[in-house]
Amino acid sequence: MSLPFEAFIGLRYLRARRRNGFISFISLVSMIGIALGVAALIIVLSVMNGFQKEIRGRILGVASHLEISTYDARLSDWPAYVKLAEREPEVRAVAPFVNAQGLLTSRGVVRGALVRGVEPAREDKVVEVGQKMLSGRLADLKPGGFGIVLGVELARQLGVSVGDKVTLLTPQGNVTPAGLMPRLKQFTVVGVFKVDMFEFDSSLAMVDLKDAQLLFRMGDAVSGVRLKLSDPMLAPDLKIRLAGKLPPEATATDWSDMNANYFRAVQIEKRMMFIILTLIVAVAAFNLVSTLVMVVTDKQADIAILRTLGASPASIMKIFVIQGSVSGILGTLSGVAGGVLVALNLDIIVPAIERVLGTKLISGDVYLIDHLPSQVLSGDVTTIALISLVLSFLATLYPSWHAARLQPAEALRYE
């Protein structure tokens, strides 16, 4: 296949052995630098995507995809809201709940707790707490039985296990001749769960819905209803649709609103890491500038001969643009291939490194997870590759322009 002479000469310069071996070395270093920068960017963003997905999955294992409540957290006609939600095609399950604050005491130890009243059968379809039980079952919560299910850290702090008694103190007090006295009720621990989220494992206590309504004087009302969707990502759109159907006193809140600070922090961190690592790619790409400047200096006689044979300045510029761009393309493609390969096999690579070093790189106590998750997104890979290619192309412009301005007489004066 015939090539334009600019492409032919540019590719020939790329393949040819140069008289100055140092130039070849710098060119190779530039390509390797681009490849390493691109690979590092893909791996880091894939790990951050995986971490975000893992934590989101754990949060949604305890928190609902969407909640309908009122501003005073008292939903009286909640069955009507359940029917309204079930008419939406994305909704897979709906469960009422009562949320309240309380103090749990046992053997002289006092701990604050988020007390959640639930219907076990419905709750099992909305969240995964029932699948995360270390002992007992969520179904052991019975109306009037005053059983309680605790997070594993909360149970450990209170020093209780299944079958032990705990006392719950509620903010709603009883008025007596001696003044306002807190309400107390003794519960029996019927289960302990572990969802691997310290926030929930250390503070969440679940009781039967009827018991919670009685204890917190809710009557037949609930705090709200929780919805599970076929896809959590549909929650923001469904929230907007429900807003037009709900009465003025009711409001819908999706999982991204309930954990907005966390996901905003992760997004900002991901954006900053992208910028920092892109600068590494930029430094590697602009190493092409020094490489091409030296190539142009080395090829001055060739450039002068081409000019005398009739090559235009634009053609000379194209030769070196092609040469530099091909180096950038090879470096980018190598980096993409290496980055994607490593990112897809981190579950094998990281344990192997841990075995060699004899230490745990990822501590579950600090990072919430004990492994390095990875999720390669095609959009991220495409963006990284395009940025690398653009930076590589820009890096070729000045040396190529300098070569195009070279005067044949000046170049051949000392030949």
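The values are calculated or read from the model by the stated rules, or taken from the named source; none is laboratory data. Source: prediction; values computed, not measured. No Cβ is skipped: glycine too gets one built from the backbone with ideal geometry, and neighbour counts run over all protein chains shown. Ligands, DNA and RNA are excluded from the accessible area calculation, which covers all protein heavy atoms including side chains. Shrake-Rupley method; radii C 1.70, N 1.55, O 1.52, S 1.80 Å.
So for each of 260-271, 281-292 I average, over its residues, the number of other beta carbons within 10 Å; can you give me the resulting order with the highest mean first? Mind dumping the intermediate values first?
Values: 260-271: 12.6, 281-292: 22.0.
So the order, starting with the most tightly packed, is 281-292, 260-271.
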On the protein heavy atoms, probe 1.4 angstrom, tell me the percent of accessible surface of segment 72-248 carried by carbon and sulfur. 54
Selected from 40, 314, 73 as most flexible by GNM, with the chain as the system and alpha-carbon contacts under 10 Å: 314
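Listed here are the pairs 125/360; 228/360; 142/239; 83/210; 53/210; which of them are more than 25 Å apart at the Cα? Intermediate results must be reported in sequence, preceding the final value.
Numbers: 125/360 36 Å; 228/360 36 Å; 142/239 32 Å; 83/210 20 Å; 53/210 35 Å.
Pairs exceeding 25 Å: 125/360; 228/360; 142/239; 53/210.
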Sequence ranges 212-225, 343-356, ranked by mean other-Cβ count within 10 angstrom, highest first: 212-225, 343-356
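Going through the DSSP H helices of the chain, which span 24 Å or more along their own axis at the Cα atoms while scoring at least -1.0 as a mean Kyte-Doolittle hydropathy?
Working: long enough: 21-62 (62 Å, 1.54); 260-298 (57 Å, 1.31); 313-344 (46 Å, 1.53); 378-404 (38 Å, 1.12).
Passing helices, by number: 21-62, 260-298, 313-344, 378-404.
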May I have the extent of the alpha carbons of segment 72-248 along their three principal axes, as whole Å values ordered from largest to smallest? 49, 42, 25
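Send over a whole-number figure in Å² for the accessible area per residue of the chain, probe 1.4 Å. The partial results should precede the final answer.
On the way: 20800 Å² over 415 residues.
On a per-residue basis, 50 Å².
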Mean projected area (nm²) from the convex hull of Cα positions in the chain is 30.8
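Provide the gained length on full extension for the span residue 83 to residue 220, in nm with one decimal, where the gain is 0.36 nm per separating residue minus the Cα-Cα distance.
Values: separation 137, 0.36 × 137 = 49.32 nm, distance 1.68 nm.
Here the answer is 47.6 nm.
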Where the centroid of each part is defined by its Cα atoms, how far is segment 207-231 from segment 237-291 in Å? 32
Given the options 378, 334, 325, which has the most mean-square fluctuation in a GNM of the chain, springs set between C-alpha atoms less than 10 angstrom apart? 378
Modelled label-to-label distance, residue 276 and residue 172, 7 Å Cα→beta-carbon offset: nm? 5.0
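If I take every Cα pair under 8 Å that is 6 or more residues apart in the chain, average their sequence separation and divide by the length, what percent do I get for the relative contact order? Each step should come with its number before you reach the end.
Values: 702 pairs, mean separation 113.2, N = 415.
Normalised by residue count, the contact order of the chain is 27 percent.
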